[in-house]
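Each reported figure results from applying straightforward, stated rules to the coordinates on display, with no laboratory input. Values in this document were obtained by computation on a predicted structure and should not be read as measured data. All Cβ positions, glycine included, derive from the backbone under ideal geometry; neighbour counts span all protein chains shown.
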Amino acid sequence: MSDAAPKTLVEDHGSVRILTINNVKQRNALTMDVKAVFGPALAEAERDPNVRAIVITGAGGTFSAGGDVTLFGDMTPAKGRHVVYRQREFLHTMIRGETPIIAAVEGFAYGAGFGVAMAADHIVAAEDAKFCAAFNKIGLMPDGGLLYTLPQRVGMGRAKEMLMLASVTDGVEAKRLGMVDVLAPSGSALDAALAKAEKFAAAAPLAIGAIKGAFARWPFDLESVFAMEIDAQQALMGTADATEARRAFFAKQKPVFKGA
Amino acid sequence: MSETDAVSRVDRTQEGAVAVLTVNNVKRRNAFSPEIRAELVAHLNDIEADDATRAIVITGAGGTFSAGGDLSTMQDMTAFEGRNRIRAGRQTVETMARGEKPIVAAVEGFAFGAGLSLALLADWIVAADDAKFCASFGKVGLMGDMGLFWTLPQRVKAGKAKRMLMLADVVAADEALEIGLVEAVAPKSQALSAALQKAQAFAEAAPLPNRLTREALAHFPAGLDDMLAYESQGQGILFTSADTTEGLNAFFEKRKPVFQGN
């Protein structure tokens, strides 16, 4: 791969945008170069009304090996904090955005790469994919949002083992634990993710956005749930998409949503 | 009261960097009496201050973990005495939940009532294959206590948590593993050795990041930005630790790191 190749590849399949982390030489490590392109590409996809679902994957048969260890030896607390802090540029887009995100994981999803996968709404893993919060091996704590995302998917006991002992979980075990949603044969995670992305893309986008927005506020109490329901539902009830859905329901047709 | 004539204590032994705490009140199936609670907290405070100890195992003597609160000490209790007792229990919960060292629970036999609550305050739980878990409080007209309403839903889903808390469902080891109530199952009478092995892994892991991780997760439930703040602030400090230098050197030299906790 030449240095001139973009560090994130952007490709559209209909209304599904595929973002491919492309730093194969470093197993798609999230270097500053990669983050400089990946974050904006993600934000742009999120903003584009024609994009109804985003698939995130890695080039060359692996998802992402995580942070750029070559940078870690030369840190000050302020610099280190800044590097980790800035990951929220893409974590906020992924978790707080309105467009559904599907991760297609082949090979390694390690460290912050594991974090990117877990920040997705729906995760497809190849059977031989490997997940590891490898941070402890180099004296670091989990980042990439894993303290927030992982316990939600696997429960606190299993999350602590993964986060504190840097244990490796393969695709099959990940599916059993609910860490991922779909298991695909090795080499076909992207195909499976695209098939699922089509379904997310066909769903009413404003409702999807409201649902993502609600989950992004986790944890919440019952009063907050009522407030979210009232605020979002009254807006959704008046949309053209809700009218279209009612029409299609009574006409026994498939609705076509426009996000309006 | 017969508290003085029965053995009722928590024994501490040491296996390298792992402290083993054994609830020892066998006559009452390790019922969780106020004395046991106070001794447990005293041991945990000692261990917290002991730099040579990197991980803790909690278990019960005589082939059972703990049958729960000591009913014999709850006779004729006034409402206010009951309240004081629960407030004292809070110290146990906070010491375990907010401590900096990883805790592994080895459960043989019964983890019932407060015994279940005690086990669930551990970070990692191994059950013997014939172990049984039960939030048995309802059987004596009580509700779950010692943090169970905080710990149980962290591990199992709402439907199961309600069945356990409201119907006192007995959960066997294999089901406990399936639903995430425990992390491992060992053959009968081998829970302690499995726990020691895992505690050794916790002891060898880099301790500083795990302290920060444990502390952050003890804020459960916390929102996205709180967790992102813990990770960026914590990581900033950890980047400059000697253990991170050692970890990176070991990584590039393809050897196993040795962490000193500084």
Check your understanding: By the gyration tensor of its Cα atoms, with a ≥ b ≥ c the square roots of the eigenvalues, what is the shape of chain A: rounded for a/c under 1.5, prolate for a/b over b/c, or oblate?
Key -> prolate
Point to revise | Cα-based helix-to-principal-axis angle, B:79-98 vs chain B, degrees rounded to 10 | key: 20 degrees
Review point. What net charge is computed for the residues neighbouring residue A:48, neighbours being all others with C-beta under 13 Å from the C-beta of residue A:48, Lys and Arg scored +1, Asp and Glu -1?
Key: -1
Review point. Just how far, in whole angstrom, is the range B:88-163 from the range B:217-246 if you go by their alpha carbon centroids?
Key: 27 Å
Check your understanding: At what distance in angstrom do the alpha carbon centres of the range A:7-28 and the range A:241-260 lie from each other?
Key -> 33 Å
Review point. Which length gain, in nm to one decimal place, applies between residue B:215 and residue B:175 when the Cα-Cα distance is subtracted from 0.36 nm times their residue separation?
Key: 11.5 nm
Exercise for review: Search the structure for amide H atoms under 5 Å from the amide H of residue B:186, placed 1.01 Å from N in the peptide plane, and list their residues when 5 or more places away or on another chain.
Suggested key: B:127, B:128, B:129
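Suppose every K and R has +1 on its Cβ and every D and E has -1 on its Cβ; what is the size of the dipole of the range A:205-251 about the Cα centre, in Debye to the nearest 20?
That gives the range A:205-251 a dipole magnitude of about 200 debye.
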Review point. Can you tell which of A:54, A:195, A:131 lies farthest toward the positive end of the dipole of the range A:8-202, using +1 and -1 charges on the Cβ of basic and acidic side chains (Lys, Arg; Asp, Glu)?
Key: A:131
Review point. For the range A:88-152 and the range A:224-240, what is the separation of their C-alpha centers, rounded to whole Å?
Key: 30 Å
**Study point:** Partner chain coverage, peptide A:161-173 - average Cβ within 10 angstrom
**Key:** 3
**Study point:** Electrostatic dipole magnitude of the range B:1-133 [Cβ: Lys, Arg +1; Asp, Glu -1; Cα centre; debye, to 20]
**Key:** 360 debye
Check your understanding: Rounded to the nearest 500 deg cm²/dmol, what is the calculated helix-only ellipticity per residue at 222 nm for the protein assembly as shown, with -39500 (n - 2.57) per DSSP H run of length n ≥ 4?
Key -> -14000 deg cm²/dmol
Revision key, fill the gap. For residue A:159, the net charge from surrounding residues (Cβ-Cβ under 12 Å; K, R +1; D, E -1) works out to +2
Revision key, fill the gap. Rounded to the nearest 10 degrees, the helix B:34-49 long axis (Cα) sits at an angle to the longest Cα principal axis of chain B of 10 degrees
Review point. For the range A:171-260, taking Cα atoms only, what is the radius of gyration to one decimal and the Dmax to the nearest whole Å?
Key: 17.0, 45
Practice item. Could you tally the net charge around residue B:255, taking each other residue with its Cβ under 13 Å from the Cβ of residue B:255, Lys/Arg +1 and Asp/Glu -1? Key: +1
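Name the shape class, rounded, prolate or oblate, that the alpha-carbon gyration tensor gives for the range B:91-208, where a ≥ b ≥ c are the square roots of its eigenvalues, rounded holds for a/c under 1.5, and otherwise prolate holds if a/b is larger than b/c and oblate otherwise.
oblate
Residues of B:245-254, mean number of Cβ from any other protein chain within 10 Å of their own Cβ, rounded to a whole number?
On the way: counts 4, 2, 9, 8, 2, 3, 5, 4, 0, 0.
Mean shielding count: 4.
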Check your understanding: residue A:108's amide H: which non-local residues (gap 5+, or another chain) put their own amide H closer than 5 Å, with H modeled 1.01 Å from N in plane and none for Pro or chain starts?
Key -> A:63, A:64, A:130
Practice item. Round to the nearest 0.05 the FRET efficiency obtained for residue B:81 and residue B:27 when R0 = 22 Å and r is the Cβ-Cβ distance. Key: 0.40
Review point. Shape call for chain B from the C-alpha gyration tensor, a ≥ b ≥ c root eigenvalues: rounded (a/c under 1.5), prolate (a/b greater than b/c) or oblate?
Key: prolate
